[in-house]
Each structure stands twice: as structure tokens, then as C-alpha cells.
Amino acid sequence: MRKLIVNGGNRLVGEVSVTGAKNAVLPILAATVIGANESTIFNVPRLRDVEVMENILLSLGCKVERLGKMMWVDSKPLNNIKIPEELVREMRSSIILMGAMLSRTGEVVISYPGGCEIGPRPIDLHLKALREMGAEIEEAHGFIYCKIKGLKGCEIQLDYPSVGATENIILAGVKAEGTTIIRNAAREPEIIDLQNYLNKAGARISGAGTSVIIIDGVKELGNVTHNTIPDRIVAGTYMVASAITGGEIVIKNIIPDHLQATIAKLKEAGCIIYTDNDSLKVIGPKKINSIEMIQTLPYPGFPTDMQAQIMALLSVADGTSIISETVFENRFKHAEELVRMGANIRIFGKVAVVKGVKELTGAKVAAKDLRGGACLVLAGLKAKGTTEVENIYHIERGYEDFHIELKELGADIKMVD
């Protein structure tokens, strides 16, 4: 098993360029099956999750070619409706293939999804919405069997602005008969990117980025070329890396609007941040301020995917901070690992009370999920002595060459088998 060895204490300085967004490219790759067309997608990150989605597309009969950051998908030869169980179990976002496959073939068999264990993420909103559009769904022996005679547009009111459910409805609605309206839709930038990709192919979707999305069904889609948006969570992680080490990092290939919630909290912590059109500079403070309250919320609130990284920062802040996790249950698994490094953190249900300590000390720790893994590396950059982070396959699901990029910024970090 590979692990990362981090010797803390180095100030990070330099430039880093952000890759394409994992959470944008995965639904776009799912969408490639709808049109029996060719899609050329640029700015595709080299990540384990992207590999899994590529293997799913190949298993369905699609042709896929990769060249550097470009991926080409030809979905004309698609000839299978069953998505391999072992791939679905590896990655939660495979569930959005339901809407896409119903659009294309009217039928799909998929097992319950896996991914990071960050608490129950029920797919009942997805199933309820697809049933409203006319899908017949049976659940048996861990599999979901979906069949449809013809998707019908309708009005869907989501009980919660779920990103996955919003994406599934969009993918199902693209070729549905009539108009589909999603109310209380998720507003994440990745949904706007999905809309842009589909509209370039000939879909008629409007409203992404707002709470009401309207999809007018079309008969067919054409070939499309698309450039994926940059990953706002990867950008946020490097911003915290600069903050926690008192560093000075310029982060390129970003969309500053997507980072406003993270920027605001890092400024509260004492960072100086300059933004440009597609880059920003984070100067870490000499003394990190505690933050009275951080509450994770759907976009444009503070992202749940940045909660672990900010906890690493606040564990060495001057004073006590409170973090309230409202999006996922069981998303504080990294806290017990930080405590092994000397952090003073107490968990009360969905609330973490983080009392800043003078210093963290290196320890053997294990990544329990993707963002928790990044948090432990960040803590290791600050800690006195050596930190060993195990289970780094979690980190590789969402960060491309993480340790290499950090090393180029001045971190003492290496991967060992």
C-alpha cells in the first residue's frame, strides 16, 4: 500500500495550475451516452474516478480515447444496459448514468452506488423524480431495474437541492417528450457546465445556476466539443495549503466567483487574498485567526467538500472555532486522525468544536475519505516532525499529482510503497 510521507515546517511559495473539475467532468461523461454522438472533452483530470467512468463507458460499448487532458467518446456503438457492479460500487456519481441511459435506451440496470463513506446519501430523490417522468423502477437484491416506455416532461419539486438528483433529471429530460421543470434545483457551477455541454450538442436547457431549471426535450443531439471548468475544491485546497504554512501561492486556471465562500472564510482566518480574472494569490498569516462559525451549505454556501481542509487550518488557529456540517452526516472522520497529531477537537453530532493548539506533531494517520485525506496532508505540512498518511487511494480519486504539486511549491513530501 502506498503512503505519503510529509516532513512539516516548510513555507509553500510558488504557482500552481488547477485541473478540470472532477464533479463537472463525471456528469458530462455520463451525458455522452445520450446522443449516439461524438464528444471531445478538454481539461479532463487524470483521476481514479474519471478512470472508473471511462471503464463504465467502455463496458456499455462506447469507444473512448484519451490523449493527455483530452477525452474523446463515441457513444454510437453502445450495446449494453447493465452497468458493472464493481465499478458502481467504487464511485457514487455513477448513479447519474440512470437518467442518461433512460434517455438513450429506455432501460438500465445498476447496483446501489459506493464511493466515500461520509454518511447516508439516499438516492430516493433520484428515484422519485424518474418515477414522476414515467420510469418503472424495481429494487431487488441490491440492484435497481429501470424501464420506461417514453420519458415525459413534468414539473419536479425537489425536497432538497441535491446535486446528483438535479443532474439525473437534466439527463433524463434532455430527450423527454415536452418540458421538464426542476424547482429547488441545486445551483452548483458544475450543473451550469453540464447545461453548457448539453446545449452545445443541441439540447434546450435554461436556468442552471438558479433554483429553477427548464428543459425542453429535443429529438436528437449532435457532435460536441467542450472545455471542462476548473476544480474549485482543488483550488480551495491549495488556498488552505498557503494559509496553513504562512505561504504565498498563486493559483492559476480558476473562476474566482466559484470560490467566494472559501475566500471569505480564509480572509476571516487572516489571509490576504488578491484575485484576478482567472487566478488568485493567497498570502498566509503569521497568526491564524479562529473563525467563530462555519456552516456547510449547498452552493453558494461554504462547500462541505472544503470542511475537512478548513478544520486542519483551524486546529492551529488562535482561539476556538465551531464547524457545523449540515450536508452529510458522518463527515468528521478526519477529526480523530487530527487528534492523533495533537489537535484539540470535540465532536457533538454534526458540530465540531476546534480549539486551536500551538503546534501539531507528526503521526501515522489514515485517510478515511477523499477530502479527509487532503486535510491530513495539509496538517502534515504544518506539523512538527514526520506525518505518514495511509490509504492515499482516496486522495487520488480527486487530486491529480497532489504530492508532486506540493513538492514543487516547497513541501517536503514523497510517496512511498
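Against the definition (assigned to a strand (DSSP E or B), surrounded by 18 or more Cβ atoms within 10 Å (Cβ to Cβ) and modelled with pLDDT under 95), how does Ile110 come out, yes or no? When the stated conditions are applied, Ile110 passes them. Just one of (1) over 20 Å from the mean Cα position of the chain (by Cα); (2) buried (at least 17 other Cβ atoms within 10 Å of the Cβ) fails for Lys287. It is (2).
Tell me, which strands (runs of 3 or more DSSP E) wholly within the stretch 175-242 include 1 or more residues that are out of contact with any Phe, Trp or Tyr (no Cβ under 8 Å at 6 or more places or on another chain) and not charged (D, E, K, R)?
Working: elements: 179-183, 204-206, 212-216, 224-227.
The strands (runs of 3 or more DSSP E) meeting that bar are 179-183, 204-206, 212-216.
Close contacts from the stretch 51-72, counting a first residue that is closer than 18 Å to Leu102 by Cα and a second that is of a type in the set (D, E, K, R), with Cβ to Cβ under 7 Å and a gap of 6+ residues or different chains, come to Cys62/Asp74.
Can you find even one residue in the stretch 140-162 that is of a type outside the set (Asp, Glu), under 24 Å from Thr19 (Cβ atoms) and either within 18 Å of the chain's Cα centre (by Cα) or outside the structural domain of Arg92 (by TED's automatic domain parsing) (or both)? For the stretch 140-162, residues of a type outside the set (Asp, Glu), under 24 Å from Thr19 (Cβ atoms) and either within 18 Å of the chain's Cα centre (by Cα) or outside the structural domain of Arg92 (by TED's automatic domain parsing) (or both): absent.
When Ile323 is tested against (1) more than 22 Å from the chain's Cα centre (by Cα); (2) in a strand (DSSP E or B), exactly one condition is not met: (1). The conditions of being buried (at least 17 other Cβ atoms within 10 Å of the Cβ), without any contact (Cβ under 8 Å) to a residue 40 or more places away in the chain, under 18 Å from Ile41 (Cβ atoms) and not aromatic (Phe, Trp, Tyr) are not met by Leu87.
Given the condition touching a strand residue (DSSP E or B) at 6+ places or on another chain (Cβ under 8 Å), among the hydrophobic types (A, V, I, L, M, F, W, C), more than 23 Å from Leu370 (Cα to Cα) and crowded, with 24+ Cβ neighbours inside 10 Å, answer yes or no: does some residue in the stretch 228-239 qualify? It would help to see each step written out before you state the result.
Our first condition is that a residue be touching a strand residue (DSSP E or B) at 6+ places or on another chain (Cβ under 8 Å); within the stretch 228-239, this holds for 228-231, 235, 238-239.
Cutting the leftovers down to among the hydrophobic types (A, V, I, L, M, F, W, C) gives us 229, 235, 239.
From what is left, the residues that are more than 23 Å from Leu370 (Cα to Cα) are none.
No, there is no match, as no residue in the stretch 228-239 is touching a strand residue (DSSP E or B) at 6+ places or on another chain (Cβ under 8 Å), among the hydrophobic types (A, V, I, L, M, F, W, C), more than 23 Å from Leu370 (Cα to Cα) and crowded, with 24+ Cβ neighbours inside 10 Å.
What do you reckon, is Glu400 closer than 30 Å to Glu51 by Cβ, in a strand (DSSP E or B) and not hydrophobic (A, V, I, L, M, F, W, C)?
It is false that Glu400 is closer than 30 Å to Glu51 by Cβ, in a strand (DSSP E or B) and not hydrophobic (A, V, I, L, M, F, W, C).
Does Asn37 satisfy the criteria of being crowded, with 17+ Cβ neighbours inside 10 Å, modelled with pLDDT of 95 or more, not assigned by TED's automatic domain parsing to the domain that holds Tyr197 and not charged (D, E, K, R)? Steps first, answer last, please.
Values: crowded, with 17+ Cβ neighbours inside 10 Å: yes; modelled with pLDDT of 95 or more: yes; not assigned by TED's automatic domain parsing to the domain that holds Tyr197: no; not charged (D, E, K, R): yes.
No: the conditions fail for Asn37.
When we screen Val224, Val240 for residues that are closer than 30 Å to Met311 by Cβ and at pLDDT 95 or above, the only hit is Val240. Condition check for Ala269 on (1) closer than 21 Å to Glu400 by Cα; (2) in contact with a Leu (Cβ under 8 Å, 6 or more places away or on another chain): one failure, at (1). Comparison of Ile251, Ile255, Ile244, Ile263 shows that the only residue that is touching a residue at least 12 places away in the same chain (Cβ under 8 Å) and farther than 30 Å from Phe42 by Cβ is Ile244.
Would you point out the residue of the stretch 60-84, among those that are out of contact with any Leu (no Cβ under 7 Å at 6 or more places or on another chain) and assigned to a loop (DSSP other than H, G, I, E, B), that is surrounded by the most Cβ atoms within 10 Å (Cβ to Cβ)? Quick ask: steps written out before the conclusion?
In the first step, residues of the stretch 60-84 are kept if they are out of contact with any Leu (no Cβ under 7 Å at 6 or more places or on another chain); the result is 63, 65-72, 74-77, 79, 81-82, 84.
If we keep only those that are assigned to a loop (DSSP other than H, G, I, E, B) as well, we get 68-69, 75-77, 79, 81, 84.
On the way: Gly68: 8, Lys69: 16, Ser75: 23, Lys76: 11, Pro77: 10, Asn79: 8, Ile81: 19, Pro84: 18.
My answer is Ser75.
Please work out which residue is farthest from Leu378 (Cα to Cα), limiting yourself to the stretch 296-315 and to residues that are of a type in the set (Val, Ile, Thr) and surrounded by fewer than 24 Cβ atoms within 10 Å (Cβ to Cβ).
Kept after step one, since they are of a type in the set (Val, Ile, Thr), are these residues of the stretch 296-315: 296, 304, 310.
When the remaining residues are screened for being surrounded by fewer than 24 Cβ atoms within 10 Å (Cβ to Cβ), the result is 296, 304.
Working: Thr296: 20, Thr304: 17 Å.
Only one residue tops the list, namely Thr296.
Evaluate the stretch 271-281: report whether one residue or more is without any contact (Cβ under 8 Å) to a residue 40 or more places away in the chain, more than 17 Å from Val357 (Cβ to Cβ) and part of a helix (DSSP H, G or I). No; the residues of the stretch 271-281 include none that is without any contact (Cβ under 8 Å) to a residue 40 or more places away in the chain, more than 17 Å from Val357 (Cβ to Cβ) and part of a helix (DSSP H, G or I).
The values are calculated or read from the model by the stated rules, or taken from the named source; none is laboratory data. All values derive from a computational prediction rather than experimental measurement. Please note: Cβ atoms are built from the backbone with ideal geometry, for glycine as well, and neighbour counts cover all protein chains shown.
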